[in-house]
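Notes follow the structure.
The values are calculated or read from the model by the stated rules, or taken from the named source; none is laboratory data. This one's a predicted model, so the numbers in the text were calculated from it and none came from an experiment. Glycine also receives a Cβ, built like all others from the backbone with ideal geometry; neighbour counts cover every protein chain displayed. When the accessible area is computed, the model is the full protein with side chains, heavy atoms only, and any ligands, DNA or RNA have been set aside. Shrake-Rupley method; radii C 1.70, N 1.55, O 1.52, S 1.80 Å.
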Amino acid sequence: MSEREFSQQDPDDAHPGSPGVGAGANSRRNTAIVALVVAVIALVVALFMMFSRGSGTPPATSSSPGVSSPDGIPSTLNSSSSPTVASSTSAATTSTSAPTSAASSSSMNTSATALPAAEAKNVVWPNPAGSLRYSTAEEAVQGFAEELVGFSDPVYGDVQQGDARSGEVEIRNDATSGAVTTVMFRQMSDGFFYILGAVSSEIEPAMPAAGAAISSPVTVTGKSRAFEAVVNVHLYAHGTSARIGEAVVMGGSAAPLEPFTGSVTFTDTGAATGALVFLEYSAKDGSVYTAAAVPVSFEEN
């Protein structure tokens, strides 16, 4: 081979044991492919981490009460104290408050003057010479029914006005009771309300008459219809809380009302006035079922 022909050979053929131009290109291509794969993997990892953080799913530990999330914000399950529960507890506490009694809503008037005798002899409740006074008819009726007669949980009707100063209220032992006790009230000359008496659908007293002067023993008569025909008679003197005399009389036990008669022996307390109360007790639970009442005055010995 001539020198000219040698100088015209392909460079790749001139050095068969050395890497040529083709091998270098292949190397660069492989490097680019590797770099691209690494970049794609890095992108996938970055996207995975970004979507995982943005998904808002709390780690498993944040669902436990009292455990905070990684951001330092307590889990919503930490709010174990519910405002609704607090509110209902408050309502229950309020509902347990005892209703105002007749005694607390009435007026203890230490400067009260005794009613004139002409009015006092017609009063059953309260003591016309005492200090207990009622500023409304409803309070007076409730005081009579619960404190004197002894109704445990009566149902009160509306005030039925008579004239400008008097009227009546019906009372039942409970909402299903067939017996009605009608309480009569009047606003007296001192401006306060007093109970003048009570009548019952089951008991009709006849003697003594309202305001009558009595001495011991006093005869009582009337008509009644009661469980086992029994009517209890209690005599009270104004100014004393305990009854001063009592008796049991027998009337009827079914319709119609049948007559009763009896007598009550009592102790003289020196009081000027008082009240006779006729009672029928419930066969179901022994509570006061119905009552009648009349005012009386005491004869001087």
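How many residues does region 172-190 hold that are among the small types (Gly, Ala, Ser) and open to solvent by 30 Å² or more (accessible area, probe 1.4 Å)? Summing the residues that are among the small types (Gly, Ala, Ser) and open to solvent by 30 Å² or more (accessible area, probe 1.4 Å) in region 172-190 gives 3.
Of the residues that make up region 219-231, is at least one buried (at least 20 other Cβ atoms within 10 Å of the Cβ) and out of contact with any Phe, Trp or Tyr (no Cβ under 9 Å at 6 or more places or on another chain)?
Scanning region 219-231 turns up at least one residue that is buried (at least 20 other Cβ atoms within 10 Å of the Cβ) and out of contact with any Phe, Trp or Tyr (no Cβ under 9 Å at 6 or more places or on another chain).
Sub-6 Å Cβ pairs linking a first residue in region 280-300 that is modelled with pLDDT of 95 or more to a second residue that is open to solvent by 10 Å² or more (accessible area, probe 1.4 Å) and charged (D, E, K, R), at least 6 apart or interchain, are Glu280/Glu202; Tyr289/Glu280; Thr290/Glu202; Thr290/Glu280; Ser297/Lys121, ordered by first then second residue. Screening Asp163 with (1) open to solvent by 60 Å² or more (accessible area, probe 1.4 Å); (2) closer than 23 Å to Asn232 by Cβ gives one miss only, at (2).
The condition of being farther than 26 Å from Gly286 by Cβ, in a helix (DSSP H, G or I) and more than 26 Å from the chain's Cα centre (by Cα) does not hold for Ala164.
For region 269-301, which residues satisfy the criterion of being of a type outside the set (Val, Ile, Thr) and open to solvent by less than 10 Å² (accessible area, probe 1.4 Å)?
Answer for region 269-301, where residues must be of a type outside the set (Val, Ile, Thr) and open to solvent by less than 10 Å² (accessible area, probe 1.4 Å): Gly274, Ala275, Leu276, Phe278, Leu279, Ala291, Ala292, Ala293, Pro295.
Each residue in region 254-269 was checked for being at pLDDT 95 or above and not polar (S, T, N, Q), and 7 pass.
With respect to Val249, is the statement that it is more than 36 Å from the chain's Cα centre (by Cα), open to solvent by less than 50 Å² (accessible area, probe 1.4 Å) and either on the phi > 0 side of the Ramachandran plot or touching a residue at least 40 places away in the same chain (Cβ under 8 Å) (or both) true? Against the criterion (more than 36 Å from the chain's Cα centre (by Cα), open to solvent by less than 50 Å² (accessible area, probe 1.4 Å) and either on the phi > 0 side of the Ramachandran plot or touching a residue at least 40 places away in the same chain (Cβ under 8 Å) (or both)), Val249 does not qualify.
Return yes when Thr240 is at pLDDT 95 or above and either out of contact with any Leu (no Cβ under 9 Å at 6 or more places or on another chain) or of a type in the set (Ser, Thr, Tyr) (or both) and no when it is not.
No: the conditions fail for Thr240.
In summary, Arg243 fulfils each of the numbered conditions (1) open to solvent by less than 50 Å² (accessible area, probe 1.4 Å); (2) in contact with a strand residue (DSSP E or B) (Cβ under 8 Å, 6 or more places away or on another chain) with the single exception of condition (1).
Taking region 130-160 as the range and being assigned to a loop (DSSP other than H, G, I, E, B), at pLDDT 95 or above and open to solvent by 50 Å² or more (accessible area, probe 1.4 Å) as the test, only Ser135 passes.
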